[in-house]
Amino acid sequence: MSMSNSLTEIFPAESSIPDQYKITSYLEQREYLIDGELKMWAGDLSPVMSPIFIREGNDLKQKVLGSTPLLNATEAMKALDAAVKAHDLGKGMWPMMSVADRISHVENFLSRMREKRHEVVKLLMWEIGKSLKDSEKEFDRTCDYIVDTIKALKELDRHSAKLVEEQGFMAQIRRVPLGVALCMGPFNYPLNETFTTLIPALIMGNTVIFKPAKYGVLLIKPLLEAFRDSFPAGVINIIYGRGRETVGALMETGKLDVFAFIGTNKGANDLKKLHPKPHRMKAILGLDAKNPGIVLPDADLTNAVSECIMGSLSFNGQRCTALKILFVHKNLVDDFIKKFNEEVKKLKCGMPWEANVNLTPLPEPGKTDYLKGLVDDARKHGAKIMNEGGGEVLHTFFYPAVLYPVNDKMKVYSEEQFGPVVPIVPYNDINEPMHYVINSNFGQQVSIFGKDSKTIARLIDIFSNQVGRININTQSQRGPDSFPFNGRKDSAEGTLSVADALRVFSIRTLVATKASEDNKQIISTIIKNRESLFLSTEYIF
Ligand code: G3H
């Protein structure tokens, strides 16, 4: 449906859901993975609510999908003990294993994971409201990421296989694991973003505690057995429960060597502070962002609108890389808004499994109230809702609100809305959007739309010291996954890409010696007789 129909039609009756996407039984999960064993939790459970409501006569009832274990600090500590034991101060089977053998464990996991595509995709739709197309894309992109990670590791291994000679020294430099890693992902990409840290952490030889995201939790269950069967005991441990209780306890032990987290900078800081020796814990963080789109007076309007629509509203604006504020030059702002609204109107609202659907319900409890609050605040300070039906709400569904003219008094000017609210700021002088980027607390990406090479070049040079990626006539985004993905200021710590992630979860260690005849003899004997795993010139194809 489009907005010309009433929002009341948006939620389905059970009978109208296609059979292959129906969830007919309550999914009570009690299993969690510790030390190679699927344990059954006898304690409290946390209900899993879908953002989707079901029509029953004149009523709408929110679908309860099932529940997950509400583990406590004691269970979290058991997961940590298992990971610490499997690491065994670097002497464990996993960190000592050859790269080729670790790769075969991950390959085994991947083939088991592929068997679960339908189940995981279905849960992505029901748990976080992601469209079928995007859910399938998330699953397939994750599988491709694993394949590419294996390829990149083989390449890294080939490079590390050679000995180097420098200033009378001979050395071999290799990457080795850091220790025990905690990996936590976000609800908007509960599979993909989590696995972009989890898989590199594992394949580099770290042992891992994985805590699924806030929403998009049940979708990990179909993979639990594959995790259990594909890795030695204790190498991967999967826990559930309240972050404060479980993760806080883990941090306080000081036994975590790596912390991979996608979420808010406040959350990351609160947790990092709990580690008694933060310098011993390497953090890789994907955090808040408020990426601006800047539309210059000579921009190709059709392209700018189409990229800004995708940039601000794909997956309802719930992407860390989304365009979250648009600066549009006064000369074309009226035309821009007119065209933008026409395109918003074409976006199909509906359930995730419906063909060509774009706008779907939002999974975070209280989110539509928060977005309504942002819109009300903007209106109080002089903005108008520019599109028909903008800001209309039905339970978890929020129809996109295009706000104009937005100014710095409004919350939506600086707060990350992470939802379908599109603030448009008119500008005359390019210094206005430039200062916005420079003075922002965030520094992930920016998109510039225009044609004049000199203006674009100047902005590139200014922004290259402010953000991690500058997009020209293109929406902001993470992919391709071989590109570095990072951010400045409050937006990130560390850089991820297929190849970078392998570096992030490892440290270079070298064996070096003065290149005397005696030393060369020792080195050569070790290599010839294959006496060391580290000091070796063998590599995998
Ligand atoms: O939420 C942040 C994601 O990493 C964004 O990825 O730009 O490919 O949607 P994407």
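The values are calculated or read from the model by the stated rules, or taken from the named source; none is laboratory data. Bear in mind that the values here come from a model prediction, so they are computed numbers and not experimental data. Reconstructed Cβ throughout: ideal geometry from the backbone, glycine too, with neighbour counts over all protein chains shown. Just the protein is used for accessible areas: all its heavy atoms, side chains included, with ligands, DNA and RNA removed. Shrake-Rupley method; radii C 1.70, N 1.55, O 1.52, S 1.80 Å.
When the label point is put 7 Å from the Cα of Ser524 along its Cα-to-beta-carbon vector, which residues of the range 154-197 have a backbone N closer than 18 Å?
It comes to 162-166, 168-172, nothing else.
At a Cα cut-off below 19 Å, give the aspartates and glutamates reachable from Lys255, other chains included and same-chain residues fewer than 8 away excluded.
Correct list for Lys255: Asp35, Glu75, Asp81, Asp88, Glu245, Asp270.
Give the relative contact order (percent, whole number) for the range 435-541; include only Cα pairs under 8 Å separated by 6+ residues.
In percent, rounded to a whole number, it is 21.
Counting only heavy atoms of protein chains, what accessible area per residue, in Å², does the range 366-435 have with a probe of 1.4 Å?
41
Which loop-located trypsin sites (Lys or Arg not before Pro) does the range 220-320 contain, where loop means any DSSP state but H, G, I, E or B and the Cβ has at most 15 other Cβ atoms within 10 Å?
Arg242
Three principal axis extents, largest first, for the C-alpha atoms of the range 75-123, in Å?
40, 32, 8
Could you calculate the contour length gain from Leu38 to Arg114, that is, 0.36 nm times the residue separation minus the distance between their Cα atoms, to one decimal place in nm?
My answer for the length gained is 25.3 nm.
Which helices count as membrane-span-like in the chain under these terms: full DSSP H, at least 27 Å along the axis by C-alpha, Kyte-Doolittle mean of -1.0 or more?
132-160
Give me the percent relative contact order of the chain, please, defined on Cα pairs under 8 angstrom at least 6 residues apart.
Reported as a whole number, the value is 18 percent.
Based on the Kirkwood radius over alpha-carbon pairs, what value in µm²/s does the Stokes-Einstein equation return for the translational diffusion coefficient of the chain at 20 °C and 1.002 mPa s?
86
Given Tyr399, Val511, Ala268, which one lies farthest toward the positive end of the charge dipole of the chain, if we put +1 on the Cβ of every Lys and Arg and -1 on the Cβ of every Asp and Glu?
Sorting the options by dipole projection puts first Val511.
What is the sum of charges around Arg175, taking Lys and Arg as +1, Asp and Glu as -1, for the other residues whose C-beta is under 10 Å from the C-beta of Arg175?
Charge balance near Arg175 sits at +2.
Which percent of the accessible heavy-atom area of the range 148-287 goes to carbon and sulfur, probe 1.4 angstrom?
Its accessible area is 50 percent carbon and sulfur atoms.
Go ahead and estimate [θ] at 222 nm for the chain from helices alone: -39,500 (n - 2.57) per DSSP H run with n ≥ 4, summed, over the residue count, rounded to 500.
Taken over the chain, the calculation gives -11500 deg cm²/dmol.
What FRET efficiency would be calculated for the residue pair Glu9, Thr537, taking the C-beta separation as r and a Förster radius of 45 Å, to the nearest 0.05?
FRET efficiency, Glu9 to Thr537: 0.10.
Quick check for you: with a 1.4 Å probe and neighbouring chains kept, what is the accessible area per residue of the range 60-193, in Å²?
So the range 60-193 comes to 41 Å² accessible per residue, rounded to a whole number.
Please report the relative contact order for the range 1-93, taking Cα pairs under 8 Å with a sequence separation of at least 6, and give it as a percent rounded to a whole number.
Relative contact order comes out at 26 percent.
By how many nm would the segment from Lys489 to Ala161 lengthen if fully extended, with 0.36 nm per residue of separation less the alpha-carbon distance?
114.4 nm
Using Stokes-Einstein with the Kirkwood hydrodynamic radius over Cα pairs, what translational diffusion coefficient do you get for the range 310-379 at 20 °C and a viscosity of 1.002 mPa s, in µm²/s rounded to a whole number?
It comes out at roughly 153 µm²/s.
Leaving out same-chain residues fewer than 8 places away, which aspartates and glutamates sit with a Cα under 14 Å from that of Lys380?
Leaving aside aspartates and glutamates fewer than 8 places away in the same chain, those within reach of Lys380 are Asp408.
Spin-label point model (7 Å from Cα, Cβ direction): what's the Arg242 to Arg30 distance in nm?
2.3
In whole percent, how big is the carbon plus sulfur part of the accessible area of the range 45-134, probe 1.4 Å, protein atoms only?
Carbon and sulfur atoms account for 53 percent of the accessible area of the range 45-134.
Would you mind calculating the gained length between Ser306 and Ser453 on full extension (0.36 nm times residue separation, minus the Cα-Cα distance), in nm to one decimal?
Additional length available on full extension: 50.8 nm.
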